[in-house]
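Novice: This is the structure I want to talk about, given as structure tokens.
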Amino acid sequence: MFYRNSTKKIFAFIVASTALFWVYDRSFSAETTQYGAVVICAAIQEKDPATVLPNVVFSKADQEIGWKLVNGEAYSGVDSHRFFLTVEAPKAGVEPPTIDVVWPGVNIERVVGAKGDYEIVENGVRFAPGKAKAPTGSFTEASFGAVRLGVFHNWDVRRCGPYRDGPYPYEEIKAQLNYMLAALEVCRAYGWTETDKPDFVDHINLYGFETLFTNGHRDFPPHFHIMLAWDGWAAANVGHYLLDSKGNIVKNSYWILHEDVEKPHLPGDVSRYTDKTSRDVFDTVILPDGSGLTFSKVGASKEYLLRAGKQGAPESVDVLERATNSSDEWKKLCEVVAFDDVEHGKFSSKAVYTDGSVQTVEFEYDPDTGAKR
């Protein structure tokens, strides 16, 4: 979510983009009804499902109502793992149609977002789409006191939008996971993971980025987030730490949502996060060489450094500490490695401390939705 739409209304739980990657020749009206769903392919196929275009078939009665498939990759599209679709009627409040998705030669595993049951039929599947938008995203959130960790599960077989063509950001994906979990350890050091009532308003979000082009969300280029949020998503300080192909941090596109302000913070610039009560909570500063950033609570006796490990941020990120505003040498606190098995739905991270202690985060999830199992 690097580029911004000035209305801030396209993307409800994070932010939206100023320049959608795809251009649409249509506008949506309140006098329409939309439903979406996702048809999931089985893992083993004789041919790549993306090479066989599916066909959406409506009944004669639904054709007379005016139901049609909405084109444009923000609404309908096919990749090697799924067909996501949006259908629309030119009236408000219409019940969803029952459609046939004809997809010859493709082994269909299930439908996500169907209203009720679905039926596997010859050359396809029959169902009624039941979601307001095609549920294309795969996202899991875990809470630790006043900190929320948000993991987008990026799988290269369902790349979309600006990630469909060209090199896939494997290194950036690994780096952002390591940075997010290292930031969690800093939050742990400051005691923010132990209480849901910290000495600031309201909570911290540590989020990644997604390559799925979910409902037009142009989450590009690769980055991770450190955010201070309150009042839902109506107000927040949002840091977008942009990554290069080696996982180095290029800059922080820092947004103050409630003031509609965007500030490009380059290496060496201080990004100060201030809460609803105007309390200064914490600062971050990107290192001059892009290999990490300092993360320090305002007024605390210690400050922390998130720094790429010896093999680079995609392999690990170290957390170091020292007395605040001192010239002391940074001392290593822990090494953090995170791994997301997106095909099988297993996330794990390990922070190994120099004193021998270990902090882990582990959960299993539905690979196609991110729902915890």
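The values are calculated or read from the model by the stated rules, or taken from the named source; none is laboratory data. In this text the structure is predicted, and so the values were computed from the model without any measurement. A quick note on method: Cβ atoms are made from the backbone with ideal geometry, for glycine too, and the neighbour counts reach across all protein chains shown.
Novice: Of everything in the range 144-163, what is closer than 19 Å to Glu343 by Cα and under 16 Å from the mean Cα position of the chain (by Cα)? Give them in sequence order.
Specialist: Once the filter is applied, which keeps residues that are closer than 19 Å to Glu343 by Cα and under 16 Å from the mean Cα position of the chain (by Cα), the range 144-163 yields Gly150, Val151, Phe152, His153, Asn154, Trp155, Asp156, Arg158, Arg159, Cys160, Tyr163.
Novice: Could you tell me whether Ser253 is in contact with a strand residue (DSSP E or B) (Cβ under 8 Å, 6 or more places away or on another chain) and either touching a residue at least 60 places away in the same chain (Cβ under 8 Å) or outside the structural domain of Met227 (by TED's automatic domain parsing) (or both)?
Specialist: In short, yes.
Novice: List pairs: first in the range 263-274 and under 11 Å from Leu293 (Cβ atoms) and among the charged types (D, E, K, R), second at pLDDT 95 or above and assigned to a loop (DSSP other than H, G, I, E, B), Cβ under 8 Å, 6+ apart or cross-chain?
Specialist: none
Novice: Which condition breaks for Val151 when tested against (1) buried (at least 21 other Cβ atoms within 10 Å of the Cβ); (2) not in a strand (DSSP E or B)?
Specialist: (2)
Novice: Also, quick follow-up: Only one of these conditions is not met by Ser348: (1) surrounded by fewer than 17 Cβ atoms within 10 Å (Cβ to Cβ); (2) part of a loop (DSSP other than H, G, I, E, B); (3) small (Gly, Ala, Ser). Which number is it?
Specialist: In the conditions (1) surrounded by fewer than 17 Cβ atoms within 10 Å (Cβ to Cβ); (2) part of a loop (DSSP other than H, G, I, E, B); (3) small (Gly, Ala, Ser), Ser348 misses (2) alone.
Novice: Then there's this: Which of the following residues is buried (at least 20 other Cβ atoms within 10 Å of the Cβ) and either among the hydroxyl-bearing types (Ser, Thr, Tyr) or modelled with pLDDT of 85 or more (or both): Val57, Val78? Give the steps one after another, and end with the answer.
Specialist: Numbers: Val57 fails: buried (at least 20 other Cβ atoms within 10 Å of the Cβ).
Among Val57, Val78, only Val78 is buried (at least 20 other Cβ atoms within 10 Å of the Cβ) and either among the hydroxyl-bearing types (Ser, Thr, Tyr) or modelled with pLDDT of 85 or more (or both).
Novice: Do the conditions hold for Glu119, that is, is it touching a strand residue (DSSP E or B) at 6+ places or on another chain (Cβ under 6 Å), closer than 19 Å to Thr369 by Cβ and surrounded by fewer than 18 Cβ atoms within 10 Å (Cβ to Cβ)?
Specialist: No, not satisfied.
Novice: In the set Val147, Val151, Val201, which member is assigned by TED's automatic domain parsing to the domain that holds Ala313, β-branched (Val, Ile, Thr) and within 17 Å of Phe295 (Cα to Cα)?
Specialist: Val147
Novice: Among the residues of the range 116-143 satisfying the criterion of being hydrophobic (A, V, I, L, M, F, W, C) and not in a strand (DSSP E or B), which is nearest to the chain's Cα centre (by Cα)?
Specialist: Taking the range 116-143 and keeping what is hydrophobic (A, V, I, L, M, F, W, C), we get 120-121, 125, 127-128, 132, 134, 139, 142.
Imposing the further condition that a residue be not in a strand (DSSP E or B) reduces the set to 128, 132, 134.
On the way: Ala128: 27, Ala132: 19, Ala134: 16 Å.
By that ranking, first place goes to Ala134.
Novice: Okay, moving on. From the residues in the range 279-319 that are part of a strand (DSSP E or B) and among the small types (Gly, Ala, Ser), which one is farthest from Pro264 (Cα to Cα)? Lay out the reasoning, then the answer.
Specialist: Step one: filter the range 279-319 for residues part of a strand (DSSP E or B), giving 280-286, 292-297, 302-308, 317-319.
Applying the additional criterion that residues be among the small types (Gly, Ala, Ser) yields 292, 296, 308.
On the way: Gly292: 17, Ser296: 20, Ala308: 22 Å.
Selected residue: Ala308.
Novice: Every residue in the range 308-327 that is over 22 Å from Gly191 (Cβ atoms) and either touching a strand residue (DSSP E or B) at 6+ places or on another chain (Cβ under 8 Å) or aliphatic (A, V, I, L, M) (or both), please.
Specialist: Ala308, Gly309, Ala313, Glu315, Ser316
Novice: Let me ask something additional. Looking only at the range 297-329, count every residue that is of a type in the set (Lys, Arg) and exposed (fewer than 11 other Cβ atoms within 10 Å of the Cβ) and tell me the total.
Specialist: Result for the range 297-329: 1.
Novice: Mind checking which residues of the range 186-235 are charged (D, E, K, R) and either in contact with a helix residue (DSSP H, G or I) (Cβ under 7 Å, 6 or more places away or on another chain) or crowded, with 22+ Cβ neighbours inside 10 Å (or both)? Write out each step before concluding.
Specialist: In the first step, residues of the range 186-235 are kept if they are charged (D, E, K, R); the result is 188, 194, 196-197, 199, 202, 210, 218-219, 231.
Listed by number, the residues that qualify are Glu210, Arg218, Asp219.
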